[in-house]
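Read the structure below first, then the notes.
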């Protein structure tokens with residue numbers, strides 16, 4: 001099975017539409033139009049079915065956010081191999097100028113000025129212009145700007161080249177495709193059991209492929225039928241018990257099959273990680289066993305033990321069962337042998353959500369709609385933390401508007417049964433560590449989370465001191481997305497998490513695991529270290545829409561990767577206990 005000639009893959013379409021969005025930004029086009037193309041690129045990249053086929057069948061506009069203009073350009077590319085507007089952009093600007101635009105500290109306006117003033121069209125030319133001192137010929141560019149751009153170029157040069165064939169996608173982008181393939185696999189005749197494996201099962205923040213395993217006594221027929229699924233764009237390799245394919249979004253899919261008697265062995269092996277499996281094999285060898293995807297062999301006798309269920313693998317080796325999220329080669333074998341593995345947090349342990357947004361700022365749903373959605377998923381309490389005024393692009397709230405919202409929330413709480421509705425704020429931490437709103441206003445709120453949205457290029461000591469100052473404010477209860485990372489887009493800013501964890505333990509100020517798919521901040525590894533130093537975690541959805549409460553699931557998954565227990569998470573407690581937790 002393969003895409004017919006002239007059919008662009010979903011990944012190719014996503015690249016084309018993201019390039020159009022980038023050129024529109026370079027042109028200074030409307031934000032609405034730029035976002036339309038960016039959202040189309042994101043949709044195309046992650047959609048399980050062929051976008052080109054949907055367009056040809058006249059079904060593309062049934063997808064959310066796809067209008068006539070987007071549909072027309074997809075059809076234009078299918079029929080001609082080109083999109084006229086993109087060709088015009090490429091005539092006007094060199095395409096490498098887009099890489100200049102993406103450098104931190106540049107952006108579309110500066111990139112265009114560099115091109116028009118100095119004919120800087122790629123990073124090499126930008127480096128040469130810097131070396132020759134020509135950037136200072138451009139209005140508004142001085143010594144500080146030069147230093148910042150040089151730092152960005154050095155970081156770009158030092159970064160390993162991106163693998164365009166196998167890009168890492170957000171787990172949230174891949175999960176729906178993976179689960180759909182799993183659902184289809186489980187429906188096939190001859191399938192006794194099937195599961196996701198690999199990095200998707202372990203909950204890695206970004207993944208490159210989808211691993212599936214199945215138990216069957218007729219593996220060849222399962223391979224035949226699986227290869228015909230419409231979610232697959234092509235088959236790369238096909239054997240009797242193994243199939244490698246690619247989805248329309250460009251994700252590799254690896255399906256392995258064994259007899260039901262060895263299914264637990266295969267599931268454990270295919271879940272990984274490689275580091276975990278290496279450690280497990282080393283441990284097993286010391287105990288007199290050999291471990292592979294089919295069985296466990298007792299070296300002395302040659303006896304082979306097969307495991308139909310995965311826990312049997314660990315039990316046979318004398319280990320407590322190790323949850324998939326912990327299988328990263330981070331001393332989990334030793335802890336399992338000593339029976340010291342933690343009882344990890346589950347989604348059902350979460351009692352409330354203490355960081356969501358509404359249409360009072362950049363949210364897309366009303367206070368009541370968000371509250372009802374939270375109640376519907378079983379939450380006991382919900383706190384609205386819309387943005388403060390410093391984040392002007394979100395319509396952030398000043399003192400008067402915030403107090404007006406507080407009164408509205410109090411009225412909603414009084415009439416809405418089954419859930420406690422709380423008034424809060426996501427207050428910006430300003431460049432000098434002051435908060436964006438006065439204490440007199442913050443004291444009127446139920447919960448305050450503080451965060452950084454500016455000044456991310458400050459030194460580690462400056463950023464750390466800013467956050468410490470906020471944590472010592474008696475009204476601040478948590479620090480939102482403490483490292484500021486945006487997966488696949490922006491590295492964490494420089495901050496000393498060890499110090500913040502100590503301040504958390506001292507003051508009772510929580511450190512957040514933000515469940516937004518492109519944040520998952522704190523990371524699991526950072527959260528593990530933080531709680532080991534006495535910090536308390538809060539897991540938040542940062543939901544801006546009712547459907548985004550599912551971010552709590554992602555936040556819990558990241559917490560599990562950090563060995564976090566319910567006792568270490570503030571919002572696993574009833575609201576009165578959260579309220580009483582501040583110590584200083």
Determine, yes or no, whether residue 279 is within 28 Å of the chain's Cα centre (by Cα), closer than 30 Å to residue 193 by Cβ and either assigned to a helix (DSSP H, G or I) or at pLDDT below 95 (or both).
yes
Selection within region 46-66 - over 20 Å from residue 32 (Cα atoms), at pLDDT below 90 and part of a loop (DSSP other than H, G, I, E, B)
47, 48, 49, 50
Conditions (1) buried (at least 18 other Cβ atoms within 10 Å of the Cβ); (2) out of contact with any strand residue (DSSP E or B) (no Cβ under 6 Å at 6 or more places or on another chain); (3) not in a loop (DSSP other than H, G, I, E, B) -> residue 401 fails only (1)
Subset tally (residues that are within 18 Å of residue 284 (Cβ to Cβ) and assigned to a loop (DSSP other than H, G, I, E, B)) for region 310-327:
8
Residue set 69, 21; condition more than 26 Å from residue 175 (Cβ to Cβ), at pLDDT 90 or above, assigned by TED's automatic domain parsing to the domain that holds residue 83 and not in a loop (DSSP other than H, G, I, E, B); output residue 69
Picked from region 512-542 (must be over 16 Å from residue 497 (Cα atoms) and touching a strand residue (DSSP E or B) at 6+ places or on another chain (Cβ under 8 Å)), the residue surrounded by the most Cβ atoms within 10 Å (Cβ to Cβ) is 539
Quick check on residue 412: is it surrounded by 22 or more Cβ atoms within 10 Å (Cβ to Cβ), touching a strand residue (DSSP E or B) at 6+ places or on another chain (Cβ under 6 Å) and farther than 12 Å from residue 386 by Cβ?
no
Taking residue 220, is it assigned by TED's automatic domain parsing to the domain that holds residue 308, over 24 Å from residue 13 (Cβ atoms) and surrounded by fewer than 18 Cβ atoms within 10 Å (Cβ to Cβ)?
no
Of the residues in region 371-392, those that are out of contact with any strand residue (DSSP E or B) (no Cβ under 9 Å at 6 or more places or on another chain) and either surrounded by 23 or more Cβ atoms within 10 Å (Cβ to Cβ) or closer than 23 Å to residue 434 by Cβ (or both) number 1
Tabulated pairs, region 242-253, first at positive phi, second buried (at least 20 other Cβ atoms within 10 Å of the Cβ), C-beta under 7 angstrom, 6+ apart or interchain
250/9; 250/10; 250/11
For residue 168, indicate whether it is at pLDDT 85 or above and under 19 Å from residue 15 (Cα atoms).
no
So residue 368 ticks every box in (1) assigned to a helix (DSSP H, G or I); (2) crowded, with 23+ Cβ neighbours inside 10 Å but one. Which box is left unticked?
(2)
Please tell me if residue 233 is part of a helix (DSSP H, G or I) and either under 28 Å from the mean Cα position of the chain (by Cα) or at pLDDT below 95 (or both).
no
How many residues does region 59-116 hold that are surrounded by fewer than 12 Cβ atoms within 10 Å (Cβ to Cβ) and under 28 Å from the mean Cα position of the chain (by Cα)?
3
When residues of region 206-241 are filtered for being under 15 Å from residue 195 (Cα atoms) and free of Cβ contacts under 8 Å to residues at least 24 places away in the same chain, how many remain?
0
Answer from 131, 187, 202 - the residue that is surrounded by fewer than 16 Cβ atoms within 10 Å (Cβ to Cβ) and at pLDDT 95 or above
187
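The values are calculated or read from the model by the stated rules, or taken from the named source; none is laboratory data. On a predicted model such as this, the values are computed, not experimentally measured, just so you know. Cβ sites come from the backbone with ideal geometry, for glycine too, and all protein chains shown count toward neighbours.
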